[in-house]
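To start, the structure itself, in structure tokens.
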Amino acid sequence: MTRFATLAILAASVLAPACTDDLPPPNTPPPGSTSGGTSDTFDHENDQISPWDLLQRIEVEGPPSYTSHTHSCPKVRYSNLGSLLTDIGVNAANTTQLSAGELYTDGYNALGGPNYANRIRENIGITISGASKEFDIFAAAAPEVMAAFTSTTTNALQARCPGAQLFDTSGSVPTCRPDGIECLIGVPPQSEHVDYCNLTITNASTPAVGQQLAVAAILAAAYTCE
Amino acid sequence: MAKHPFTKRDEHRELTRRALIKWSVAAGAALGVSRAKVFDILEKTAGKDTAFAAATNPTTRSVHVVAGNGGLAWFTQFWPFPSIAAANNASFAWNFPGKQVLVAGTDKPLYTGPVTPWATMAATQQVTVFQCGNNETHTQQPQSVVGLNGSNIFSVASALQSASPSVIPLVTIGNVDVGTAAGAATPANVTAATGIVDLFNSAASRAGGLLSKTSDAQLYKAHYDAFTQLNRAAGTSTTKLAYTTASGAAGFLGTNLSAKLAITAADNTRYGITSTTRSNVAAIGQAFIIGAKSFAMGLTNSIVLPAMDDDPHGAFDGGDINIVPQQLTSIFNAFMADLNGMTDPVTMENLWSDTVITIHGDTHKDPITPAGWPDGTANNSNTVYVYGAGHLLSGWFGDYTSANGGTAVGFDQNGAAATYNGTNQAKYAMAAIAYAIAKRDSRAISQFANGINISGVFGRPQTM
């Protein structure tokens, strides 16, 4: 050990008790608190993320660099929403007042479409205004979507999902069919999808309204994120 | 002029701060931390200024009053021409000689009178007035006081505000003209202020719509939430915030806003609107009442409304000058009080500091001739009044004197007095309005301002 280190230890051993003598009496903060008392220290917020929770989350979901790519939730881009509407049998160019096509065309700004002229990129975040406008379009589109399933003329939806039907109307109350839901959401539905869909029909003010509500809610939930 | 090293340093620092904000918000989203929490953390680590910059809206909201067909003349009783007020001459078209007060602390001269609204606000918050544009007597759609290098300032405002999405970005009432600007929103037009209420209702929530019944709207929201839970990624930290927002939107979709936006008796009382209020004054009040509520709910960014439209030649002769300005004052004061009492849903600040108000018209009429209050103005001049929410220098740029039977005083690009040039001065004025709406962001307005410098000349410099 060097002479300097020896001197440092010696000085510390002498000075430490002296310092300790000057310390105020211990002040144990109450559980969950970060202050000694309301009159002397500031009780700042202490609910940061637990590192253990964070570790567990990373183990389940993967690191942020991975999960932000695979599980991020950007809004459906304006042009893609138009393509989607066309694919499910909606006339996106419809100019009839309050039709899905008219809401889509007039909703460009509310949907956060790109403003290239002003060098503002498309807003990819989900906002109340954008999401509500998108859901409004789906609600207005529901009758068109239902008609596309049953139409006798071939349309984009039938070309994509030949033979699929959304509702079984043979009973007194229509029931939902998995093949139709699959056509709407693009993946095989779970049994809960069908159950919720049927519940929507039975709990609505009328079965006819319930069918439209089911279509609107299924589309909104499936296409909240791109 | 070459930039000062301190300016360069500040600009660089601002870019760095933006990068920090961008990174922090993105990282917070990735970790499932709420935006509010991110702002808390930013405040602790990078300081209040950075947290404030992260939380704030990039633009203000705006209300544009177009007082056509001589209606602008009423506003000369709010904020008189400095030389006319100072002359203290009872024969001029200023109804309160001897009662004018020179506001202390404004950047340029500004007089107020007994009916001036917002008179108690701080000097830095007082209005900015530009003597600019041309006399366009008897039109409801003046052009010389709204143009900025080929664009219309109302459309420029909506283009700038597109950085803050809202349900309907730009609402117009009546036959006001909002012209065009690159990237501007398409205006939603209603014939009267009360029509705005229906404008914001979703198609689904309107009468006969899919969600017009409350029970169906509630069912839709509940089942939307249920369906989203079937998405495997819906429970991950990275999508939590987005789905929470979307769930709120699903609830919003079925909300009929009529009750929340409709004008109540209490609103009318607050604004002083009674059966004796002139209908054109009450119409402004109705637009203000619904406008303030719409801003508070984040439904729109900008409202353009017509005003007065009454060509008051006989105001002094018939005594209306003792009635109408007082009624207008009550409405303007109540509007500002409403804004002051409402919170911006994004910034959580009072709306009065987040709203720019402009007043345009075709002619301010002859300030030195009350009899018949003629339309003609010296040098063919015009006026624009701006409440810049503290972003602009306060007081008058330009003036109107009684010299030689009336002389309009102009200003140059440095804000100094100059020979009247309505076209150039209007450009400076409109660029200044854009600057205030962009919250002093010179870069944001550059493509419209086209080289006009506002910071430090007509507007307060951006603070770091």
Matching option when the condition is outside any loop (DSSP other than H, G, I, E, B), without any contact (Cβ under 8 Å) to a residue 24 or more places away in the chain and more than 7 Å from chain B (Cβ to nearest Cβ), among A:GLU182, A:GLU192, A:GLU144: A:GLU182
Where B:VAL304 falls short, out of the listed (1) touching a His at 6+ places or on another chain (Cβ under 7 Å); (2) buried (at least 22 other Cβ atoms within 10 Å of the Cβ); (3) at pLDDT below 95; (4) of a type in the set (Val, Ile, Thr): (3)
Flag for B:ASP198 being part of a helix (DSSP H, G or I), of a type outside the set (S, T, N, Q) and modelled with pLDDT under 90: yes
Filter result (hydroxyl-bearing (Ser, Thr, Tyr) and facing chain A (nearest Cβ under 9 Å)) within the stretch B:208-243: B:SER215, B:TYR220, B:TYR224, B:THR228, B:THR236, B:SER237, B:THR238, B:THR239, B:TYR243
Any chance B:GLY98 is buried (at least 19 other Cβ atoms within 10 Å of the Cβ) and among the small types (Gly, Ala, Ser): no
Restricting the stretch B:418-450 to residues that are in contact with a Ser or Thr (Cβ under 7 Å, 6 or more places away or on another chain) and among the basic types (Lys, Arg), the residue that is farthest from B:GLY398 (Cα to Cα): B:LYS439
Those residues of the stretch A:62-76 which are of a type outside the set (Lys, Arg) and more than 7 Å from chain B (Cβ to nearest Cβ), in sequence order: A:GLY62, A:PRO63, A:SER65, A:TYR66, A:HIS69, A:THR70, A:PRO74, A:VAL76
Some residue of the stretch A:164-176 being part of a loop (DSSP other than H, G, I, E, B) and among the β-branched types (Val, Ile, Thr): yes
The stretch B:165-186, residues that are in contact with a strand residue (DSSP E or B) (Cβ under 8 Å, 6 or more places away or on another chain), in a loop (DSSP other than H, G, I, E, B) and within 14 Å of chain A (Cβ to nearest Cβ): B:ILE168, B:PRO169, B:VAL178, B:THR180, B:ALA181, B:ALA182, B:GLY183, B:ALA184, B:ALA185, B:THR186
Residues that are under 19 Å from B:ASP267 (Cα atoms), out of contact with any strand residue (DSSP E or B) (no Cβ under 9 Å at 6 or more places or on another chain) and hydroxyl-bearing (Ser, Thr, Tyr), drawn from the stretch B:325-376: B:THR329, B:SER330
Residue ID - modelled with the highest pLDDT, chosen from residues in the stretch B:441-464 that are among the polar types (S, T, N, Q) and in a loop (DSSP other than H, G, I, E, B): B:ASN453
Count of the stretch A:195-205 residues which are within 24 Å of the chain's Cα centre (by Cα) and either hydrophobic (A, V, I, L, M, F, W, C) or at the interface with chain B (Cβ under 10 Å from one of its Cβ atoms) (or both): 5
Residue in the stretch B:261-272 that is crowded, with 17+ Cβ neighbours inside 10 Å, among the small types (Gly, Ala, Ser) and more than 9 Å from chain A (Cβ to nearest Cβ) present: yes
Enumeration of residues in the stretch A:93-116 that are more than 20 Å from B:SER164 (Cβ to Cβ), free of Cβ contacts under 8 Å to residues at least 40 places away in the same chain and surrounded by fewer than 20 Cβ atoms within 10 Å (Cβ to Cβ): A:ALA93, A:ASN94, A:THR95, A:THR96, A:GLN97, A:GLU102, A:THR105
Residue match in the stretch B:263-284 (condition: under 24 Å from B:THR128 (Cβ atoms), assigned to a helix (DSSP H, G or I) and within 15 Å of the chain's Cα centre (by Cα)): yes
Pairs with Cβ under 8 Å, 6+ apart, first in the stretch A:70-82 and touching a residue at least 40 places away in the same chain (Cβ under 8 Å), second crowded, with 18+ Cβ neighbours inside 10 Å and among the aromatic types (Phe, Trp, Tyr): A:CYS73/B:TYR243; A:VAL76/A:TYR223; A:LEU81/A:TYR104; A:LEU81/A:TYR223
Among (1) within 24 Å of B:ALA203 (Cβ to Cβ); (2) under 23 Å from the mean Cα position of the chain (by Cα), the one test that B:THR255 misses: (2)
Only one of A:ALA208, A:ALA164, A:ALA217 that is within 9 Å of chain B (Cβ to nearest Cβ) and among the aliphatic types (A, V, I, L, M): A:ALA217
Selected residue (criterion: modelled with the lowest pLDDT) from residues of the stretch A:103-120 that are more than 9 Å from chain B (Cβ to nearest Cβ) and in a helix (DSSP H, G or I): A:THR105
Any chance B:ALA204 is touching a residue at least 12 places away in the same chain (Cβ under 8 Å) and closer than 30 Å to B:ALA449 by Cα: no
Output for the stretch A:89-102, where each listed residue is part of a loop (DSSP other than H, G, I, E, B) and within 23 Å of B:ARG206 (Cβ to Cβ): A:VAL90, A:ASN91, A:ALA92, A:ALA93, A:ASN94, A:THR95, A:THR96, A:GLN97, A:LEU98, A:SER99
Qualifying positions in the stretch B:363-407 - closer than 17 Å to B:ASN424 by Cα, touching a residue at least 60 places away in the same chain (Cβ under 8 Å) and of a type in the set (S, T, N, Q): B:ASN380, B:SER381, B:ASN382, B:THR383
Residue ranges of strands (runs of 3 or more DSSP E) in the stretch B:344-428 with at least 2 members buried (at least 24 other Cβ atoms within 10 Å of the Cβ): B:355-361, B:383-387, B:395-397, B:407-411
Tally, over the stretch B:153-164, of residues that are away from chain A (no Cβ under 11 Å) and out of contact with any helix residue (DSSP H, G or I) (no Cβ under 6 Å at 6 or more places or on another chain): 1
Qualifying residue in the stretch A:195-205 (condition: in contact with a strand residue (DSSP E or B) (Cβ under 6 Å, 6 or more places away or on another chain) and in contact (Cβ under 8 Å) with a residue 12 or more places away in the chain): yes
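The values are calculated or read from the model by the stated rules, or taken from the named source; none is laboratory data. Quantities reported herein were computed from a predicted structural model and do not represent experimental measurements. When we count neighbours, we look across all protein chains shown, and the Cβ atoms used for this are built from the backbone with ideal geometry, even at glycine.
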